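Working notes, structure below.
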Amino acid sequence: MTWEEELFAVLDDLEQQAEALYGADRDAELADRSRSEYQQVTLASRLMASLGTPVRLEVAGVGVVAGALDRVGSGWCLIAGPGQDWVVRLAAVLAVHGASDRSVPEVAWSAVARLGLGSALRRLADAGERCVLHLLDGTSHEATLRRVGADFVEVVEGEGRVVLVAVAAVAAVQSRD
């Protein structure tokens, strides 16, 4: 082997080592970026990717709510269960079982999906159907939703008693058939 061949062999070896170091460095950087970007993923975006699938939610003050994930909005979701539907406030969700590994960022949501919990509650109030309002502390109100304010919902119980319930205290609303 001539000195030129030895020199080129050494240079080729150095170049391969440099490429290997760059590849290892790049892999570490990509893994770090991936972890960093994942902090932007929200529960709602993971649920949005799970639309139509059966899920089980552990909800504060309620327990387990199971059914098909029918709709996701800003701060709430709709679970279609056997014989009843649930509007669940996402702030009350403790755990989700059966969610997709994917997520759908909020910028890709339709305008209707960006509506908040107040919109869902107003829709229930407009329908005038009886429901059960489950609160975070485990109490509930079997009532008809009448009106929805900025941070409360007005419900009518049994003999016409009107009760104002803070939206921040609501865990879920269950339909009554």
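Among the residues of the stretch 96-110, is any in contact with an Asp or Glu (Cβ under 9 Å, 6 or more places away or on another chain) and either within 24 Å of LEU51 (Cα to Cα) or exposed (fewer than 13 other Cβ atoms within 10 Å of the Cβ) (or both)?
Of all residues in the stretch 96-110, those in contact with an Asp or Glu (Cβ under 9 Å, 6 or more places away or on another chain) come to 96-97.
Then keep just the ones that are either within 24 Å of LEU51 (Cα to Cα) or exposed (fewer than 13 other Cβ atoms within 10 Å of the Cβ) (or both); that gives 96-97.
There is at least one residue in the stretch 96-110 that is in contact with an Asp or Glu (Cβ under 9 Å, 6 or more places away or on another chain) and either within 24 Å of LEU51 (Cα to Cα) or exposed (fewer than 13 other Cβ atoms within 10 Å of the Cβ) (or both).
For every residue, the table says whether it meets (1) farther than 17 Å from GLY81 by Cβ; (2) among the basic types (Lys, Arg).
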| residue | (1), (2) |
| --- | --- |
| CYS131 | no, no |
| LEU135 | yes, no |
| ARG161 | yes, yes |
| LEU164 | yes, no |
| ALA168 | yes, no |
| SER175 | no, no |
Looking for whichever is farther than 27 Å from VAL165 by Cα and in contact (Cβ under 8 Å) with a residue 40 or more places away in the chain here; the options are ALA113, ALA60, ALA49. Which one fits? ALA49
It is to be established whether one or more residues within the stretch 97-110 are acidic (Asp, Glu), assigned by TED's automatic domain parsing to the domain that holds ALA166 and within 19 Å of GLU129 (Cα to Cα). no
Qualifying residue in the stretch 39-61 (condition: at pLDDT below 75, polar (S, T, N, Q) and closer than 27 Å to ARG102 by Cβ): no
Members of the stretch 113-131 that are touching a strand residue (DSSP E or B) at 6+ places or on another chain (Cβ under 8 Å) and assigned to a helix (DSSP H, G or I): ALA113, ARG114, LEU117, GLY118, SER119, ALA120, LEU121, ARG122, LEU124, ALA125
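Inside the stretch 150-169, can you point out the residues that are within 24 Å of the chain's Cα centre (by Cα) and under 18 Å from GLY128 (Cβ atoms)? Walk me through it before giving the result.
Kept after step one, since they are within 24 Å of the chain's Cα centre (by Cα), are these residues of the stretch 150-169: 150-153, 165-169.
Across the stretch 150-169, the qualifying residues are VAL153, VAL165.
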Give the stretch 132-156 a look and list any residue that's assigned to a strand (DSSP E or B) and within 28 Å of ALA49 (Cβ to Cβ), or say none. HIS134
In the stretch 132-177, how many are among the aliphatic types (A, V, I, L, M), surrounded by fewer than 13 Cβ atoms within 10 Å (Cβ to Cβ) and in contact with a strand residue (DSSP E or B) (Cβ under 7 Å, 6 or more places away or on another chain)? 3
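The values are calculated or read from the model by the stated rules, or taken from the named source; none is laboratory data. The structure displayed is predicted, hence computed values, not measured ones. FYI the Cβ positions are ideal-geometry reconstructions off the backbone, even for glycines, and counts take in every protein chain you see.
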